[in-house]
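Just below is one structure, and these are the notes that go with it.
The values are calculated or read from the model by the stated rules, or taken from the named source; none is laboratory data. Small disclaimer: the values here were computed from a predicted structure and weren't measured. For neighbour counting, all protein chains shown are included, and Cβ atoms are generated from backbone atoms with ideal geometry for every residue, glycine included. Each accessible area value is taken on the protein alone, full model and side chains, heavy atoms only, with ligands, DNA and RNA left out. Shrake-Rupley method; radii C 1.70, N 1.55, O 1.52, S 1.80 Å.
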Amino acid sequence: MSAPLTARIAEEHVLASRALAPPPALAARRRAALAALAAQGLPTSRDENWKYANLRPLERLRFVPAPVQRALAAAELPAAIPGFARYVFVDGAFAPALSAPLDATTARVAPLAAAADASPTAAVPSPRPASADERFALLNEAFATDGVEIRVKGPSAAGARLELVFVARAESEEGASYPRVELRLESGTQLTLIERHVSAGAAASFVNGAVTVGLGRGAALEHYRLQELAPRAIAFDTLSAALAEQASYRLFGIATGALSWRSTLAVQLAGERAELTLAVLSLGDRQQVLDVFAPVEHAAPRARTEQIFRGISAGRARVAFNGKIVVAPEARGTDSRQSLRGLLAGPEAEIDVRPQLEIHTDEVRCSHGATAGKLDDNMLFYLLSRGLPPEVAQRLLKWAFLEDVVARIGVPELRRDIEKRLALQVPELEPHTEAV
């Protein structure tokens, strides 16, 4: 990050000091984040894991939190998912009039602006200190004025079901939106969480979100993250998670919106036999840049990871996924699989898929595969030879490609909603194979 940008971030933080006055429990964290950000700076395109991201807009964006605007109407929100308690945040600030009661489920839900206890829950691992690739989380912690703290403390047969809707409505010249989620599941608990990022209107918003996840022994989290921002939005997103022994984390990401979006998904399998399933689907068109970096650290024996990525790039879009698996010397018996695939839907589109394995012990079972190209002529010919029209054959191949991720969604109502949205957004694909 350039020195002028560093200085401007510090100046804007001073200007926003009144809006940033937090509860005492959060004040020290905010000061520490700002100091670390000043020392480290934000990433640049010269950083290896950021070369696919679009960082140019940072030079003209404002970092102060967006001002409070008129109340948002319920009709401006996406349809609610039945059976889920919904909580709405507008430009990062809690909107109680649009939300369920805070005690609507067995989960403890509290706006961060009113949270009295910012300390980690006992027996739940805290994410390790932010790496160089998670520096946008420091920006979020330095500027975020609100967010949500979720604690799941008591086992239940069905588990809690929550939906978080983060709405961006301010223009970037007015200020930034800072969604923030701090989530802890104690031992043996369960949670299904839908996290949705949308825009109110067509505002060219600047969104910088941060999520921290800690799963206790045997806890199970099913987490769906939907990025559906307006076509001119600029967004950065950082998720940092730590899993204790026998914890299970099923993390799904569907990205279709924003002009430029970068997501960092950093997960540490800190306990023996922890399990992670990470499935991401990105659809880019026109001049969109959709970039995901997913580093996973196996720090304990006999843990398991499955990474799946499916991306389609059309127009002049760039869609990228960089999946990195690091197996520590003590992580014997690791089982890790990567399947990264991209489809090009135009001569100027770009797909970048990059699997990485860094293994420091011999007792592992790791595999990876990555392909990028256009539709397979042989598969298309097979369908045409059975009498299917070309447009129907292409649509079938297209859906088979996307269903590798969509079919794994365990909430039927959400899966149908996503399928309807994808049917309107998936570009037509050109029937030609290109080896990569």
message: In the chain, if the dipole is taken from +1 on Lys/Arg beta carbons and -1 on Asp/Glu beta carbons about the Cα centre, which of Ala39, Ala241, Ala71 is farthest to the positive end?
response: Ala71
- prompt: If we count every other residue with Cβ under 10 angstrom of Lys153's Cβ, Lys/Arg +1 and Asp/Glu -1, where does the sum land?
  reply: +2
- prompt: Given H placed on each backbone N at 1.01 Å, which residues far from Glu195 in sequence or on other chains put an amide H within less than 5 Å of it?
  reply: Leu164, Tyr224, Arg225, Leu226
field: Neighbourhood net charge (14 Å Cβ-Cβ; Lys/Arg +1, Asp/Glu -1) for Val292
entry: +3
statement: Going through Lys153/Lys324; Lys51/Lys398; Lys51/Lys324; Lys153/Lys420 one by one, the pairs whose alpha carbons sit over 26 Å apart turn out to be Lys153/Lys324; Lys51/Lys398; Lys153/Lys420
field: Translational D in µm²/s for region 280-386 (Stokes-Einstein at 25 °C, 0.890 mPa s, Kirkwood Rh from C-alpha pairs)
entry: 163
statement: Long-range share for the chain, i.e. C-alpha pairs more than 34 Å apart as a percent of all pairs, stands at 29
task: Report the semi-axes of the equivalent ellipsoid for region 206-293 in whole Å, largest first, where each axis is √(5λ) for an eigenvalue λ of the Cα gyration tensor.
output: 28, 11, 9
- prompt: So how strong a dipole does region 181-250 carry about its Cα centre when Lys and Arg Cβ are +1 and Asp and Glu Cβ are -1, to the nearest 20 debye?
  reply: 120
field: Over the chain: helical MRE at 222 nm, DSSP H runs n ≥ 4 each giving -39500 (n - 2.57), nearest 500
entry: -6000 deg cm²/dmol
- prompt: Can you give the charge dipole size of the chain about its Cα centre, rounded to the nearest 20 debye, using +1 on the beta carbon of Lys and Arg and -1 on the beta carbon of Asp and Glu?
  reply: 420
- prompt: Accessible area of Glu174, 1.4 Å probe, to the nearest 10 Å²?
  reply: 80
- prompt: Bin by bin, in steps of 5 Å, what percent of the Cα pairs in region 122-273 do you find, going until the bin that has the longest distance?
  reply: 2, 10, 19, 21, 20, 14, 8, 5, 2, 0
message: Can you tell me what share of the DSSP beta bridges in the chain is antiparallel? A percent to the nearest 5 is fine.
response: 5
- request: Add +1 for every Lys or Arg and -1 for every Asp or Glu among the other residues with Cβ under 12 Å from the Cβ of Val68, and state the total.
  value: -1
Burial ranking of peptide ranges 66-73, 367-374 (average Cβ count within 10 Å, highest at the top): 367-374, 66-73
message: Through the Karplus equation 6.51 cos²θ - 1.76 cosθ + 1.60, θ set to phi - 60°, convert the phi angles of region 299-316 into ³J(HN,Hα) values in whole Hz; use x for Gly and Pro.
response: 10, 9, x, 6, 8, 9, 9, 10, 10, 10, 9, 10, x, 10, 10, 10, x, 10
